[in-house]
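The structure appears below as structure tokens.
The values are calculated or read from the model by the stated rules, or taken from the named source; none is laboratory data. Just so we're clear, the structure is a prediction, and the values are computed from it rather than from any experiment. Note that we place each Cβ from the backbone using ideal geometry, even for glycine, and neighbour counts take in every protein chain shown. We work out accessible area using only protein heavy atoms, side chains counted, and drop any ligands, DNA or RNA first. Shrake-Rupley method; radii C 1.70, N 1.55, O 1.52, S 1.80 Å.
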Amino acid sequence: MSGTQHAEPAVQTPPASGPQQADGRTARRPLALRLLARPEVGVFLGAVAVYVFFLITAPPVREGSAMANVLYQSSTIGIMALPVALLMIGGEFDLSSGVAVITSALTASMLSYQLTMNVWVGVVVALMVSLGIGFLNGWMVVKTGLPSFLITLGTFLILQGVNLAVTKLVTTNVATDDISDMDGFGQARKVFASSFHIGDVQVKITIVYWLVFAALATWVLLRTRYGNWVFAVGGNKESARAVGVPVTFTKISLFMLVGFGAWFVGMHQLFTFNTVQSGEGVGQELIYISAAVIGGCLLTGGAGSAIGPVFGAFMFGMVQQGIVYAGWNPDWFKAFLGVMLLGAVLINLWVSRTATRR
């Protein structure tokens, strides 16, 4: 009958054995490509290349004391680059981070000196001010919906003006008074600006803080729920909010984390030099952001790590000190950094495309 259906056999002949065409979605990529997909690998190779370059062109770099200086310069950049990187992973960035460092140092110095108080009072108040600036930045970004570029650019200009104007008003000078003979100064210096010896080499305590903060940030990003929130809000904040991520808390806390970093670096500067120049800090925010970008953090958010900015900061410290040890004109520093930044971005783009290509 024409309407009769013929059933298919219940058991079909198995396919012939032999090499199969792998599906690109399930094929396992080579280990080299999987490593290249990690943002830390490219910046690590770049850091090694910069180190080898100055190892050849600047013989003093081979000495232990010179490397200690390189690591010290890297740590003062890296401590701030870490919270800036976390903020960028969360989809925002802060243009006021450089002058915020000086604001914290000025607050602690002038409050302690002008009111003749223990310097620890100034340190605590400076911490509250720095966290408050971070909270204000985060709150305005979340509540207004304006880009963090505009909000923090405004904060940058406000802090820059306040730093100069208030310092001149209070001290009749552009710098604060020396606080080295005040109560608590010695203890604070031990915490924020001390050093120790490894053999004959003097090592600054900021190097230890830098590495500890990097390890802590890595653990937070990879092993905690808060780390998942940071990646989620940076990738797509509306989707993150839909699945229960506290977007407002996460973004504000990231800005406050930048405030904490600014306070810590500000205290280091204050207790290293005993005084603060009110006009400093301008331009440092670009170095912090650049170190994070070189370390693999995307300006669009949702991607990056805490290890990458460590190598990015090392590259900056290596270049900054390497130019001096090589006897070159230090005016080339910013030009070298610009070339390094563009090169890192292009290499990261190439590596990303190569690693994801089937």
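Taken as a whole, the structure leaves LEU211 outside the set of residues that are crowded, with 16+ Cβ neighbours inside 10 Å and not β-branched (Val, Ile, Thr).
Name the single residue that is most open to solvent (accessible area, probe 1.4 Å) among those in the range 179-203 being under 15 Å from PHE273 (Cβ atoms) and assigned to a loop (DSSP other than H, G, I, E, B). In this case the residue turns out to be ASP181. May I ask you to say which residue of GLY91, GLY145, GLY161, GLY132 is open to solvent by 30 Å² or more (accessible area, probe 1.4 Å), on the phi > 0 side of the Ramachandran plot and not β-branched (Val, Ile, Thr)? After ruling out the rest, the residue left standing is GLY145. Out of all the residues in the range 211-231, is one or more more than 17 Å from the chain's Cα centre (by Cα) and among the charged types (D, E, K, R)? Scanning the range 211-231, I find at least one residue that is more than 17 Å from the chain's Cα centre (by Cα) and among the charged types (D, E, K, R), so the answer is yes. ILE102 fulfils the conditions (1) within 19 Å of the chain's Cα centre (by Cα); (2) open to solvent by 10 Å² or more (accessible area, probe 1.4 Å) except for a single criterion, (2). The requirement of being under 24 Å from PHE93 (Cβ atoms), open to solvent by less than 20 Å² (accessible area, probe 1.4 Å), modelled with pLDDT of 95 or more and out of contact with any Asp or Glu (no Cβ under 7 Å at 6 or more places or on another chain) is not satisfied by GLY234. The conditions of being among the polar types (S, T, N, Q), part of a helix (DSSP H, G or I) and surrounded by 17 or more Cβ atoms within 10 Å (Cβ to Cβ) are met by THR206.
Taking the condition assigned to a helix (DSSP H, G or I), within 27 Å of VAL247 (Cα to Cα), of a type outside the set (A, V, I, L, M) and touching a residue at least 40 places away in the same chain (Cβ under 8 Å), does ASN137 pass? Taking the combined requirement at face value, the residue satisfies it. LEU270 meets the conditions (1) hydrophobic (A, V, I, L, M, F, W, C); (2) within 10 Å of the chain's Cα centre (by Cα); (3) crowded, with 24+ Cβ neighbours inside 10 Å in every case but one. The failed one is (2).
If you filter the range 253-267 down to residues that are aliphatic (A, V, I, L, M), within 15 Å of the chain's Cα centre (by Cα) and crowded, with 24+ Cβ neighbours inside 10 Å, you find that the one that is nearest to VAL220 (Cα to Cα) is LEU254. Out of GLY259, GLY266, GLY295, one residue alone is modelled with pLDDT under 90 and under 20 Å from ILE207 (Cα atoms). It is GLY295. With respect to the conditions (1) aliphatic (A, V, I, L, M); (2) farther than 24 Å from GLY301 by Cβ; (3) touching a residue at least 12 places away in the same chain (Cβ under 8 Å), LEU115 falls short on a single one, namely (3). Taking every residue in the range 39-67 that is closer than 11 Å to MET315 by Cβ and among the β-branched types (Val, Ile, Thr) and pairing it with any residue that is modelled with pLDDT under 85 and not in a helix (DSSP H, G or I), at least 6 positions away or on another chain, the pairs with Cβ-Cβ distances below 8 Å are VAL43/GLY296. It is to be established whether one or more residues within the range 294-302 are closer than 27 Å to PRO60 by Cα and buried (at least 17 other Cβ atoms within 10 Å of the Cβ). Yes, the range 294-302 contains a residue that is closer than 27 Å to PRO60 by Cα and buried (at least 17 other Cβ atoms within 10 Å of the Cβ).
For every residue, the table says whether it meets (1) charged (D, E, K, R); (2) open to solvent by 50 Å² or more (accessible area, probe 1.4 Å); (3) at pLDDT below 85.
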{"residue": "GLN12", "(1), (2), (3)": "no, yes, yes"}
{"residue": "ALA22", "(1), (2), (3)": "no, yes, yes"}
{"residue": "VAL41", "(1), (2), (3)": "no, no, yes"}
{"residue": "TYR72", "(1), (2), (3)": "no, no, no"}
{"residue": "ALA81", "(1), (2), (3)": "no, no, no"}
